[in-house]
Every structure is written in structure tokens, then in C-alpha cells.
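Notes follow once the structure below has been shown.
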Amino acid sequence: GITDKLMVGLGTTKDFKLQDIQWKYLLFQQTEDNSMPVSVSYYGNFVADLRKESAFGPEDSYRVIHRLSYFNQVIVARKINDMFSVQVAPSVAYFNSVPQYSDTTYYKNLNFGVSVGARANLFGDHSLMLEYDQLLTHQELAEQPKPNLSLGWEIGTATHTFQVFVANYSQIINQRNLVFNTNDFTKGDFLVGFNITVRF
């Protein structure tokens, strides 16, 4: 956190050797008197894929810019009461390079999606979270990417937040989850994840 409204982060991911810069800015904050009924934030990232050049198609057409992808999202959230909060977040993801298997079978560079989420504070510092992400852009593929579904349990303390998730996606980077997820939650394709957040 740089200020109360601005967050910036750097990350590295083993899968696909991704390096990312991310940011989030609070544009509007919900007020108690409902003069501002929702909170609105902007989230974005810039990601570099550092795999070998051969991962980006024919060697003679390779350019460094093919390694880059971008993600932008507007998050609209509302705290309904002391127990329930909801949010909706339209997003845009762009890949400078995407897999192409033939002239008629390929992923698209520009992709639109939407995410919806809910949170319930059940008791004390325990919360239940639910999130669903849907890719809206149709890909030129026989089988479309699968939507993302996750269910999480959060326990908060004075200095730490612990989260356990069950989800059908495996990537950390938003645009990769949105466009390339092949795990089908209707068939029980779930993974387990664990996060720890430290408050400074």
C-alpha cells in the first residue's frame, strides 16, 4: 500500500515464468449515509512471459513485444450490511501473442470478461467468500475456456489474514485464468489454495 487509496505490487510466477507489475486505485468509497452507494476501484496489471522464444511461434516472426499481456478491471462493490458484501467487476484482457493452431483454430488477443463475488461475515473474524468469473469473448476453438469458480474461507487476526480456497483454476495471473482455464467445475476439477496476508 502506497496510500489509503493506492496499492502497487510486483510478482513472479513459476508457471510460464511470468513477471508482473500490478496496481489498484480506489476511485470512490461507499459512505454510511449512502450519498455514495458503492465503492469503485480500478485494478490493472502488466505481465511479461519470460519463456524461451520458441514458445511464441515461428522464430522469424518473434518480437519481444509478444511476451506482454495486460489486464484492466473496474470493481464495483457494495457492503449491504455488517454481514454481506457483493461486487461485480467487468474486465478487459489483451495478449500481444496467443496460441494459434490453424487458420481457423486460435485464441483471440482481445478478451472481455465479468466477475461477480460475494462475502458473508459468519461469526467473529470468519468469512465465507464466493467468486465466479465468466469469459465473454468467444474463442475460435472447438472447446471454449471454462468459467472460474472459487469458494473461500477467511480467518482474520490483528496482524494476519488466512484464506483457504477451493477453485477450478490454477493460475495466479488474472488474464490467464480468464482466457486459458480448461478445468471444468461441473466435472469436479477443483484445486486447493492457501493465502496469508500480513498487515504492516
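The values are calculated or read from the model by the stated rules, or taken from the named source; none is laboratory data. Since the structure is predicted, the reported quantities are computational estimates derived from the model, not experimental observations. Methodologically, a virtual Cβ is constructed for each residue, glycine included, from the backbone with ideal geometry; neighbour enumeration extends over all protein chains shown. Keep in mind that these areas ignore ligands, DNA and RNA; they rest on the heavy atoms of the full protein, side chains included. Shrake-Rupley method; radii C 1.70, N 1.55, O 1.52, S 1.80 Å.
Observations on the model:
- Subset of 5/79; 108/187; 5/146 violating a 28 Å alpha-carbon distance limit: 5/146
- Within the chain, helix-based [θ] at 222 nm, where runs of 4 or more DSSP H residues each add -39,500 (n - 2.57), nearest 500: -1000 deg cm²/dmol
- Measuring only protein heavy atoms, the 1.4 Å probe finds residue 137 accessible over about 20 Å².
- 32, 53, 59, reordered so the largest accessible area comes first (probe 1.4 Å): 32, 59, 53
- Net charge contributed by nearby residues that have their C-beta within less than 13 Å of residue 42 (K/R +1, D/E -1): +2
- Three-way shape call for the stretch 54-144 based on the alpha-carbon gyration tensor, with the a/c threshold at 1.5: prolate
- Computed from the Cβ-Cβ distance with R0 of 30 Å, the FRET efficiency linking residue 83 to residue 27 stands at 0.75.
- Applying 1/(1 + (r/R0)^6) with r as the Cβ-Cβ distance of residue 186 and residue 122 and R0 = 25 angstrom yields a FRET efficiency of 0.40.
- R0 of 35 Å, Cβ-Cβ distance residue 40-residue 100: FRET efficiency to nearest 0.05: 0.45
- Solvent exposure of the chain, expressed per residue, is 62 Å² of accessible area, with all protein chains present and a 1.4 angstrom probe.
- Formal net charge of residues neighbouring residue 186 (Cβ-Cβ distance under 14 Å; K, R +1; D, E -1): -1
- As a length-normalised measure over Cα pairs under 8 Å and 6 or more apart, the relative contact order of the stretch 49-200 settles at 16 percent.
- Computed from label points 7 Å out along Cα-Cβ, the spacing between residue 63 and residue 130 is 4.5 nm.
- Centre-to-centre, using Cα atoms only, the stretch 122-200 and the stretch 43-96 are separated by 15 Å.
- Accessible-area composition of the chain, carbon plus sulfur, in percent [1.4 Å probe]: 60 percent
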